[in-house]
Every structure is written in structure tokens, then in C-alpha cells.
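The values are calculated or read from the model by the stated rules, or taken from the named source; none is laboratory data. Nothing here was measured: the structure is a model prediction, and the numbers come from that model. Neighbour counts run over all protein chains shown; Cβ positions are idealised from the backbone, glycine included.
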Amino acid sequence: MKKIIVTIISYVLAIALLVGILARLTRVFELVDAKNAYTSFFDKNEEYDVLFVGSSKVIDGIYPMQLWDDYGITSYNIAGHGNQIPSAYWQLMNALDYKTPKLVVVDINFLNSEYKYWSPEYLHQWMDAFKLTPTKIRAIVDLMDDPAKDEPGVPEGYTKGEGFEFIWNFCKYHSRWTELEKKDWKVDPSMMKGAEIKLGLTSIEYVPDITDEITTDNYNGVIYLKKIIEECCDRNIEVVLINLPNETNGDTAPNVNKMWNIADEYNVRAVDLSDKCLVDYSTDFNDGVHLNMLGASKLTEYLGEYLINECGVDSHRGEQIEELWEDDLKKYNDALSEMLQYEGGETLSKALMMLKSDNFESIISIRDAGVLADDMIVKLLEVNGVDIVEVQNVVDKTGNCYVLVPARVYNSRTKNSLRRGCIEKVSYTDKLDDELAKYIEECSFTQDVYVGDDNYRFRIIAFNTVTGRMTVNNY
Amino acid sequence: MSFNSLEFLIFLPIVILGYFIVPKKIKNIWLLAASYYFYMCWNPGYIVLILLSTIVTYFCGIILENIKRSDRDDSKKKVLKNWTLAVSFVINLGILGYFKYTNFLMSIFQSIFSALHIELVVPTFDILLPVGISFYTLQALGYTMDVYRDDIYAEKNFISYALFVSFFPQLVAGPIERSKNLLKQLAVGHKFQFDNLKEGLMIMLWGYFVKLVIADRAALFVDTVFNNLDSYGGWYIIVGSALFMFQVYCDFHGYSLIAKGAAKILGIELMENFDYPFLRTSVVDFWRGWHISMSTWFRDYLYIPLGGSRKGKIRKYINLMIIFLVSGLWHGASFGYVLWGGIYGAYQVIGEVLMPIRKKIRELLCIDVKAVGYQILAMIVTFMLSMVAGLFFRARSGRMGIVALRSVWEDYNPWILFDGSLYKCGIDQKNFTLLMLAILILFIADFCKKQGIVIRKVLMQQHVFVRCLALIVALVFILVFGVWGPAYDASAFIYFQF
């Protein structure tokens, strides 16, 4: 009898140990991207008035922390990479199990897609963050039933997954044992509230797309967009449809026309953000589709105004939750400072774009006026508050111009600018000893600012006022 | 429904639970239904073929039994028995021949006509090979032969007989069971025994280890090399051939172990199919440990009826060549497989012919065959001989086998063993190292078996804590390092576009 009891206890303990080991291994082996992006979403202390839903255009294009900073709006960017609208629908349904927003902003990208999801890898990017619940199981069952992928002519990259890999993702990730790193052992929650910041720069040409064509109803994109609206209506959640700017293709206008159509049908708001002259197509795109930091900041600012003025979203400044969100904002700014570091080797356009961040004060040294013939460089200098005419004047006089660019925290809501660091305002000099020496003494810039090799046309010396790190980039 | 699929892991416990719950009279019906369901998961339509084979061999068995018991004189009995046997063989081999060898024969005719400069368009047929047909056909024919030879009585119970032909653990990949062993066990219902469960699970666990950790990992390297013989020559092929031997051993052995383990849980003992083949010291000895169920089937039902070694040396050599060529053909419809069989046949014949010379040399050099050094050398030589034959098996055609063999001779590149080139052939360095470690574990296990040590029995004698811990370690090891599940590709997770 004793032996039987010992045996039973041993087996029970063994099963418990096995389950524990596998649970831990599952956590370690799975890619942390999803957990890092969405961990803060599940924080019980946080509530969100607005959720942003869609594909990576939304992830890269809308910054919730900027919305809080400038407008006091509480929001989360729960868009998913590669999200077709059906997978966005299920991502929203799973999110609504945890939070109840007042408003959902839905991007209409992929409105004319027949596929429910792009690839299992893209689905993992958000599904891995959500616990296994009946909603998640329904999502898996529905999304795995994607008959369009059995038809001929499936585009490259649109692959099929297996349902079980989303129920227990260890079966997908177990072969990662060869690439495990320190970051896999601990979740490092992102402070971006689901957003990602892109620092690339690609100039694209904006071609207005006007047509009477309209995306038809038989696409899964349309069907599931209507499901999102109906589901939100049932839960008294307002919906705003948006079209984000991107390089124009043949699908853009028919999808936008359908967006207006659906908005009328369901009496919901819709905004075509590509039509608002919001972004500069020569400087604000990371690639042909996604906005970079410059473009996303502008778009977010516009959306903030729209949500406050048109949709009646409340500012939560002065309320109890402000302390929590201010704490999040500080962490966000710290993370941003860490991220926006010059590593060396950045392209000139990227280097200038990063300067736009509030945390950098810099001395830009221009020795070749020829660089001012590049429109993109000129625009990026102007974005940083530099007056090109002043620069041209100084360079013409002496063949050399030092531009001092301050670090400032600019609040678009209050329109105030708070200075950081030592440089007070944008100023221009051709002399090494003048105003420049004064700042070199006061600030942390070293003598290396102007001594050292002269072999450059354009130099950026950037000082991160938060981390204290200084870098010199020559071009 | 393959053994390493989720469906099987759900199917098996349900079948086992059902077997021990249902009354004794229904147990075989339950197992038969489960076996047919298992088979139909591969292709529902081909259940007709296994049913046809079952019905033909069942009735042939009954007829043979009736002939045996009839009052006819012996010569008439013999004629009738021969005709009955012939009917069974012709129908079953006809079905097998049609599905497996039609296009092969067509391609041979095409080659002959081309050589004779006769222009003839020989049709090819879109014939899907029914899974397991080679296995259950031999199993059913073996039964017919056993009844013919009066080794067993004909099975009157159709359910039991149908189950014998289609018993799901060994249906698709063996071992090819004998009626004397399996039919007898299926005739009685089995009660649940905890020891059977423990032992069966351990056998299955070992099977999954060799299959998922070794076979499927080695396959990544082997496929990279053998599917690109233009790019990989010389030592790539040598390493690839060596790994292929482990791949095919562990794949087959793994499946056999999983089958054996699953049957064990049900209280049924299946035969051993592999017995430390790479620790054998001659080709003859190798075949005592390699695919035992197949080799003994051909020995008992082809070699011996052909006369075996009873009709002189020349006849013996011819018989040896015949059974190895046929066994090669049984593996697949291509000259690559035939050559594989032919090479092993040649090894056996040459070995026999040279035996007196080898004995003389050993005597002259005072070589003790029991010495460890000699044993190790003999194992290495046997393995290398298997590699040469295996090269044709993997190349899957005679022409490609010769191309590969020529490349071994012509492409001189031993530096690939040291400069990291091997880690760019489908598996990286960590996976390659893991593969070597797993093969070492396999060797240790096989060595223990050779010494008469059955590791699972040693484990069963340990305290329950130790057993549980060992099983947890083994299971976690297989889950982490086994090649299973949807493929993970780091580059597919680069998702910046959308």
C-alpha cells in the first residue's frame, strides 16, 4: 500500500515537474517580440480610451505616448505586423477580452485582400502575447481556415500555418535552442505602447490616385471590417476608419472609396490621412509604405487633434491616472534616448532625422555648400529649425558654417519649447573661437569639436542630454 | 497519420483506453476498426486493397486447411494446394506489382525500345502507391505459406485474421510479423498491465529519440548533399553516405520501436526488427541485425523454397543474389534499389568465396578474431561496405549512384572535415554536434544491448523517483532537440515590410 502511494505521488510530482519545465521552456524559447510589445497592454492598472488596429503601417505610424504627452489621450497601438483585416479583427476581439476602449481606430490596409492572414510568423507576432482563451481558440480555428491559400496564384510569402503552433508555440520555437540569448530569458516590456519607431528615409513621389472603382464586397477584408464595426457597435465602442499614407498603388483609391462607402453604411467616421498633406513624401517615409519618425510624429499630432476635437475623446490630464501615465512617459523618453543613439555609419539623412529628437543638442559643421543642393538634406535641416538662408550666407562668406542646434522638448499642445542642455537657440557662426568656445566650455562638448581631421564636407556632433553620450559623424 | 503527428498522439491513447474498456469479445473488432481508420487517414480509397488482400489470403488459408483435411490422395492435395497458393500469390503480388512497378516496367520497356531504335511512346500512369502495401502484402503471403506448410492452422475468425493483416502499429512500416507470433496473440484478449504500459512507453520514447533527434536531423544534411550532387562531391558524399546509414537505421528502427512500444501497451509483443547492426563484424552478421523481419521473411519464404544452401555452392550463390535483388526491388521501383540489393548479394557471395583465403590470412598473421582491435576494425569495414551500398539506395537511381561514387573518387576535398564546410549543408555547427552526440548515445545503447544489458529493464529496477527523473529528462530532450512541428525559420520572422 505504501509503495502504491509513493508511486502515485511520484508520478503526480513528475507530471507537475514536467509541466513546469515545459512551461518555463515555452516561455524561454518563444520569441519575446510579442510579449515585449504587448505586456504593458495587459497591465490591470491601465485603461485605454483608444485602440489602434491594423497592420504595420499603424505600428510605425501612430505613437500612443506622443498622444498622451501632447493631448492626455490614453491609447494603445495593438496593430500587428502583416495583419490582414481578418487577423486584425481577431486581434481586436482578443484585446477586448481584457480592455474596453471608448473608440477603436481601424486602418483599411488590405481591404481588398482575400487572405485571412499573411503567414503564421506574422500571426505569432501578436498571438504569442495572448493567453489561451476561448476567444483565442476561435481565432485560431477561423484563421487557419483560409481556403484562398489553396487556390493557385498565392503570392510569395503567404503561407499556411498549423493551428497547434498557436495553442502551444513551443512546437514552433523549440528548434531555437541554437540561437537563445540573454534577452530570451526575461521579458523586457516595451514602453512604446505597441508602436515602433522607424529611422530610415526613402523619398517617394506622391501621385494622387483618383478613380471611380470601388473594392467589392466579396473580399475577406471587407467582410471582416464590417464584423469589426458590428462587434464594436454591439459593445458601444465607436469606430473610426483611417487610410494611412503610402506610395500610391492601384489598390489605394478603390479601397478608399470602399472605406467611405462602409462609413456611410454604418454611420461611422472615416479619415483619409493620405489626402491631408500631412506628410512630406520626400522625407517622412522609412520605405514606400511605412512612415519614419518624422512622418509618424506629424500623423500622430493630426490624429490627436482629430480625436480630441472631432471624436470627443477626453484628455486625462489632471486625473488620477496621470501619475501612472507620466511615469510611463518618462520610461518611454528614456527608452527613446537609448534607442536614438548614433552608432556610427548612419547615413546623413538618418543622422539628421535623429537629431529631431528632443534629446539631442548638436553642432553641425558645413564646409561644402554643395550639400545644400540636396533637397532632402535641406528639408531635414529645416525640420531641425535650421534656416538654410543663414547657413548659405555664412558659407558663402567664409566657406565654413557651424550651426548650433539646441535640444528642446516641444509640446505641440501647449506650443511651448523647453530647453535642454546648453545651447539656447539655433545660431550660426563661422568662427571657432566665438560663441562656439563659450558653449564648449559650458557644455560637455570637447575640443575635438573643431580640432582633428578636416576631411569632411558635413559633420554632425550630437550630444544626448539624457544619456550623456556624444558622437561625431563625418560625411 | 504518421507516428510523429499530433493526430497519432491523440489517436493512440483513445485506442488503448477503448481496448481495455470494451468487453473481451469486442476487443479485436475495436482494434480492427482503429487499424482501418488509421489506414484510411492516409488514403480512404485504398482500404479496398487491404481488404481484398485480406479476403483473398483468408479464404486461401481456409481452402488450404480444407484441402489438408480432405480425403483426397496426397498428390491431388499437393496440386490443389499449389494452385491455391498460386492464386494467393498472383493476386497479391499482382496488386503490389501494379501499384509499385508499373511505371518502372514502362520505363524499362522505353529504354529497351530506345536502345533498339524503335520509336514507341510508352504510357506512364499516375498511380499513387498505397502506403504500407509492401509490408502487409508480405505479411499476408507469409501467412498463406505458413498454412501451406502446415506450420499453423488456418485462422477461421475473419476479424482476428483481418486484424493480423492490418494491425495498425506495424501496418505501414513493419516489422513484418509472422502469423505464428502475432495471430496467436491476437486470438486472446489482453488485460491492462501497468508494467506493459511503462515498458511500452519507454520503448516508444527511445523510438521517438532515434527518429526525431537522429534520423530527421541527419536527413537535413543527407538531402542537401544528395539532392545537389553537382555542388557536393568527394568527402561531402562520404559524410553524407555515413549519415544516410544512420538516417535510414534510425528512421526504420524508430518506427519499429514506436510500433513495438504501442503494441506492448496493448499486451502484444512484436518482433525485434533491428539488433545493433552497426556493431556487427561482417556483412552476413550485419543482416542478422538489419531489418530482421524482412530479411528473415525472404530467407524463409524465398531463399529456402529456392533451395537455400542445400543444392550446392553455385546454386546457393544464385539464390543469395536472387533474394537480395528481390529485396532491393521490394524497397523501391528503381535500379538504385536493385543495385543496392545486388551489392549486398555480391558482398555475401564474395565473402563466402574469399572465406578460406581470409581464414588462412588470419592464421598466418595470428589474428585473434575476438580481439577488440579486430572487432572494431571489422565493424568499421562492415559499416563502410554498407555505406557504398547505401549510396545507391539514397541516390535512388543507378546512374546517380555511379555519379556519386565517381565523385568520391575524383573530388579530393578532405579539408571540408576541418574548415566548417560541413556546417553549411542543411544543419549548422550546433545541430551537427548534437547529431554526433546523439549517435554516440545510440552506439552506447546498442553496445549495452550487445552485451546483454537492456537499459529499460535496468531503469525499471530503479526507484520510482529515478525512473521519473530519467523519463522527464528524456522527454524534454526529445521535445527540445527533436525535429518536429512546424518549421522555424528565423528569416521568416523578419516582418518589417507589413
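A few comments on the model shown:
- Applying the set (1) more than 23 Å from A:Leu103 (Cα to Cα); (2) away from chain B (no Cβ under 14 Å) to A:His316 leaves exactly one unmet item: (1).
- Qualifying residue in segment A:4-13 (condition: more than 14 Å from chain B (Cβ to nearest Cβ), at pLDDT 90 or above and more than 20 Å from A:Asp97 (Cβ to Cβ)): no
- Looking only at residues of segment B:380-419 that are among the charged types (D, E, K, R) and closer than 21 Å to B:Phe246 by Cα, we find that the one that is surrounded by the fewest Cβ atoms within 10 Å (Cβ to Cβ) is B:Arg396.
- Residue match in segment B:467-484 (condition: surrounded by fewer than 17 Cβ atoms within 10 Å (Cβ to Cβ) and either touching a Gly at 6+ places or on another chain (Cβ under 9 Å) or charged (D, E, K, R) (or both)): no
- A single member of B:Met245, B:Met294 is closer than 19 Å to B:Trp340 by Cβ, at pLDDT below 95 and in a helix (DSSP H, G or I), and it is B:Met294.
- Residue in segment A:292-309 that is over 18 Å from A:Ile62 (Cβ atoms) and more than 21 Å from the chain's Cα centre (by Cα) present: no
- Any hit, segment B:488-498, residues being out of contact with any Asp or Glu (no Cβ under 7 Å at 6 or more places or on another chain), polar (S, T, N, Q), within 14 Å of chain A (Cβ to nearest Cβ) and not in a helix (DSSP H, G or I): yes
- With respect to the conditions (1) within 29 Å of A:Trp118 (Cβ to Cβ); (2) within 14 Å of chain B (Cβ to nearest Cβ); (3) hydrophobic (A, V, I, L, M, F, W, C), A:Leu17 falls short on a single one, namely (1).
- Looking only at segment A:20-50, and only at residues there that are within 30 Å of A:Glu310 (Cα to Cα) and aromatic (Phe, Trp, Tyr), the one that is farthest from the other protein chains (Cβ to nearest Cβ): A:Tyr48
- The set of residues in segment B:255-285 being farther than 11 Å from B:Pro169 by Cβ and assigned to a loop (DSSP other than H, G, I, E, B) consists of B:Gly267, B:Glu269, B:Met271, B:Glu272, B:Asn273, B:Phe274, B:Asp275, B:Tyr276, B:Arg280, B:Thr281, B:Ser282.
- Residue match in segment A:220-237 (condition: more than 26 Å from A:Asp145 (Cα to Cα), within 25 Å of the chain's Cα centre (by Cα) and touching a residue at least 24 places away in the same chain (Cβ under 8 Å)): yes
- Some residue of segment B:359-371 being within 24 Å of B:Gly234 (Cα to Cα), of a type in the set (Gly, Ala, Ser) and away from every other protein chain (no Cβ under 14 Å): no
- Hey, A:Asp264 surrounded by fewer than 16 Cβ atoms within 10 Å (Cβ to Cβ), over 25 Å from A:Val104 (Cβ atoms) and modelled with pLDDT of 90 or more or not: no
- Residue pairs whose Cβ atoms lie under 6 Å apart, separated by 6 or more positions or on different chains, with the first residue in segment A:144-166 and within 14 Å of another protein chain (Cβ to nearest Cβ) and more than 13 Å from A:Tyr117 (Cβ to Cβ) and the second surrounded by 13 or more Cβ atoms within 10 Å (Cβ to Cβ) and at pLDDT below 90, are A:Phe164/B:Leu6.
- Reported count of residues in segment A:110-136, each being out of contact with any Lys or Arg (no Cβ under 8 Å at 6 or more places or on another chain), among the acidic types (Asp, Glu) and more than 8 Å from every other protein chain (Cβ to nearest Cβ), is 1.
- When we screen B:Leu475, B:Leu442, B:Leu422 for residues that are of a type outside the set (D, E, K, R), facing chain A (nearest Cβ under 9 Å) and in contact with a helix residue (DSSP H, G or I) (Cβ under 8 Å, 6 or more places away or on another chain), the only hit is B:Leu475.
- Test: residue in segment A:156-166 that is surrounded by fewer than 16 Cβ atoms within 10 Å (Cβ to Cβ), out of contact with any helix residue (DSSP H, G or I) (no Cβ under 9 Å at 6 or more places or on another chain) and of a type in the set (D, E, K, R): yes
- Output for segment A:69-90, where each listed residue is closer than 17 Å to A:Glu230 by Cβ and within 14 Å of chain B (Cβ to nearest Cβ): A:Ile85, A:Ala88
Residues are listed down the side, and each one gets a yes or a no for (1) of a type outside the set (S, T, N, Q); (2) under 21 Å from A:Pro245 (Cα atoms):
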| site | (1), (2) |
| --- | --- |
| A:Asn77 | no, yes |
| A:Met93 | yes, no |
| A:Leu96 | yes, no |
| A:Lys102 | yes, no |
| A:Lys116 | yes, no |
| A:Ser119 | no, no |
| A:Lys136 | yes, no |
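- Of all residues in segment A:51-68, none satisfies being away from chain B (no Cβ under 14 Å) and either of a type in the set (D, E, K, R) or touching a Cys at 6+ places or on another chain (Cβ under 9 Å) (or both).
- The one condition from (1) within 14 Å of chain B (Cβ to nearest Cβ); (2) hydrophobic (A, V, I, L, M, F, W, C); (3) in contact (Cβ under 8 Å) with a residue 40 or more places away in the chain that A:Val106 does not meet is (1).
- Residue match in segment B:147-167 (condition: outside any helix (DSSP H, G or I), within 22 Å of B:Phe3 (Cβ to Cβ) and touching a helix residue (DSSP H, G or I) at 6+ places or on another chain (Cβ under 8 Å)): yes
- Subset of segment A:117-141 [part of a helix (DSSP H, G or I) and in contact with a helix residue (DSSP H, G or I) (Cβ under 7 Å, 6 or more places away or on another chain)]: A:Pro120, A:Glu121, A:Leu123, A:His124, A:Gln125, A:Trp126, A:Met127, A:Thr135, A:Lys136, A:Ala139, A:Ile140
- In segment B:185-225, the residue that is surrounded by the fewest Cβ atoms within 10 Å (Cβ to Cβ) out of those that are over 20 Å from the mean Cα position of the chain (by Cα) and free of Cβ contacts under 8 Å to residues at least 60 places away in the same chain is B:Phe194.
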